[in-house]
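Chemist: I'd like to ask some things about the structure below.
The values are calculated or read from the model by the stated rules, or taken from the named source; none is laboratory data. Everything quoted here is computed from the prediction, not taken from an experiment. Here the Cβ positions follow ideal geometry from the backbone for every residue, glycine too, while neighbour counts run over all protein chains shown. Heavy atoms of the whole protein, side chains included, go into the accessibility calculation; ligands, DNA and RNA do not. Shrake-Rupley method; radii C 1.70, N 1.55, O 1.52, S 1.80 Å.
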Amino acid sequence: MIIYGVALLAICMLAGTLIGEWLGIAIGLDVNVGGVGIAMLILVVLVNSLKQRGKLDKDSQKGLSFWGGMYIPIVVAMAAQQNVAGAIKGGPMAILAGVVTVIICFAAVPILSNIGKGKGSIESFDNEKIDAGGFK
Amino acid sequence: MLDSFTEVLNENGLITGFAIVGITMLISYILSDKLTKGRLNGSAIAIIIGLILAYLGGISTGGEKGLADIQMFSGIGLMGGGMLRDFAIVATAFEADFRELKNAGWAGVISLFAGLIISFIIGVVIALTFGYTDPVDLTTIGAGTATYIVGPVTGTAIGASSEVIALSVAAGLVKSVLTMIGTPLVAKYISLDNPRTALVFGGLMGTTSGVSAGLAATDIKLVPYGAMTATFFTGLGVLLCPSVLFIATKAIFG
């Protein structure tokens, strides 16, 4: 049933958010530390194991993929309620700080994504084999 | 006639939100196809339209929630609010590959710290060039440049003035909006086309709204990876800015 997938998703989100709250309390702050990220990890692990045991039928998966498909429309709705006017009203310093940060962080993406590459990843393993074979 | 029309929209806020966003998406995909021959993704156009509407809503009501401050469109606030947004983000993990996450895990963690510290330093340096010298002000603006949540939380914790806190929020908002618009435009040049780079991207940029919208406009398959690291960023920022980074700023400029 579709609701099984939706409920699975809901339980993962609640569990992740709760752990995030606990992490926040543990470090003495009133914030949620990575609750959504933790929920995603729980979901990935659960879906993996349920699928392997054939316990996640087509209809249950529909409940999950529906909400995944609603993601972009929800993001559009989120964009429509950002405080864009406030961002512009912040003046030249706020705008400059935002612009410079975004440009430098964009530029840092390719540099950092090379870190740790080749530790057991499939593509790099293939590359190493090719390199060792002298095909450069 | 018109009264009952607005009444129906007002009473069915969330449903009105679905209808409006659906129509926006339809128009955006037609524009993407006809004007840019599909080069600019339809969802990127939809997000830009959303931001323009948010701006118009903001200047017409003077509120902080963009279009959602207009009562007829308040359902947009529910649809794009934190609860459904997080629910949909978690749902994207359904398509994520666990092996990719394990492989790029460390790069993601490093990018989180790097992203936070880079944003903080840039915020501090720019605040300095605009004449701010007090470590409390510098730290708050640096924290705001991380995200618009870290700024006010840090500012409140270390006793910044409300004027500086407002500035820090504005810096974070600019970062978020620019990430939404800029990501699809630069994706090709920074090789943002695989899970590992998306994980690093999420950690570096940090703004959950910016990353989730930017990646959605670039390639929906990358969303779970970027969103996962980005959701840790604010927590890390709130942890480090009022403590380690504030102490460091005080030691240098105090």
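Chemist: Defining a contact as two alpha carbons under 8 Å apart and six or more residues distant in sequence, what relative contact order in percent does segment B:82-146 show?
Modeler: Relative CO of segment B:82-146 lands at 30 percent.
Chemist: Find the relative contact order for chain B and round it to a whole percent, using C-alpha pairs within less than 8 Å whose residues are 6+ positions apart.
Modeler: Reported as a whole number, the value is 19 percent.
Chemist: With the contact rule set at Cα under 8 Å and sequence spacing of 6 or more, what percent relative contact order holds for segment B:1-149?
Modeler: Here the relative contact order equals 17 percent.
Chemist: Restricting to DSSP loop positions (anything but H, G, I, E, B) with no more than 14 other Cβ atoms inside 10 Å of their own Cβ, which chymotrypsin sites (Phe, Trp or Tyr not before Pro) remain in segment B:174-254?
Modeler: Those that pass, being in a loop and sparsely packed, are B:189.
Chemist: Let me ask something else about it. Could you work out how much longer the chain between residue A:104 and residue A:52 gets when fully extended? Use 0.36 nm per residue separation minus the Cα distance between them, nm to one decimal.
Modeler: Length difference between fully extended and current span is 14.5 nm.
Chemist: Kyte-Doolittle mean at least 1.0 and Cα extent at least 27 Å along the axis: which DSSP H helices of chain B qualify?
Modeler: Answer set is B:13-36, B:42-61, B:98-129, B:162-186.
Chemist: Can you return the aspartates and glutamates within cross-link range of residue B:221? Criterion is Cα-Cα under 13 Å, with same-chain partners fewer than 8 residues away left out.
Modeler: Straight-line reach from residue B:221, under 13 Å: B:95, B:97, B:100, B:193.
Chemist: Filter the trypsin sites (Lys or Arg not before Pro) in segment B:12-75 down to the DSSP loop ones having no more than 11 other Cβ atoms within 10 Å, then list what survives.
Modeler: Here the sparse-neighbourhood loop sites are B:37, B:39.
Chemist: OK, next. Find, among the trypsin sites (Lys or Arg not before Pro) in segment B:143-221, those assigned to loop by DSSP (not H, G, I, E, B) with at most 11 other beta-carbon atoms within 10 angstrom.
Modeler: Within segment B:143-221, the qualifying trypsin sites (Lys or Arg not before Pro) (loop, at most 11 other Cβ atoms within 10 Å) are B:188.
Chemist: Which value in deg cm²/dmol, rounded to the nearest 500, describes the helix-derived mean residue ellipticity at 222 nm for the protein assembly as shown, given -39,500 (n - 2.57) per DSSP H run of n ≥ 4 and division by the residue count?
Modeler: -25000 deg cm²/dmol
Chemist: Taking the full set of protein chains and a 1.4 angstrom probe, give the accessible area of residue A:57 in square angstrom, rounded to the nearest 10.
Modeler: Roughly 80 Å² of residue A:57 is accessible to a 1.4 Å probe.
Chemist: Separate question: Give me the inter-chain shielding for B:138-144: mean count of other chain Cβ atoms within 10 Å, whole number please.
Modeler: Mean partner-chain Cβ count within 10 Å for B:138-144: 1.
Chemist: Nearest 100 Å² is fine: what is the total accessible surface buried where chains A and B meet, probe 1.4 Å?
Modeler: So the total buried area for this chain pair works out to about 7000 Å².
Chemist: Find the accessible area per residue for chain B; the probe is 1.4 Å, ligands and nucleic acids are left out, and the unit is Å².
Modeler: Solvent-accessible surface per residue comes out at 42 Å².
Chemist: Under the definition of partner shielding as Cβ atoms of other protein chains within 10 Å of a residue Cβ, what is the mean value for peptide B:162-173?
Modeler: Per residue, the number of nearby Cβ atoms from other chains is 5 on average.
Chemist: How much accessible surface area, in Å² rounded to 10, belongs to the heavy atoms of residue A:3 with a 1.4 Å probe?
Modeler: So the heavy atoms of residue A:3 present about 100 Å² to solvent.
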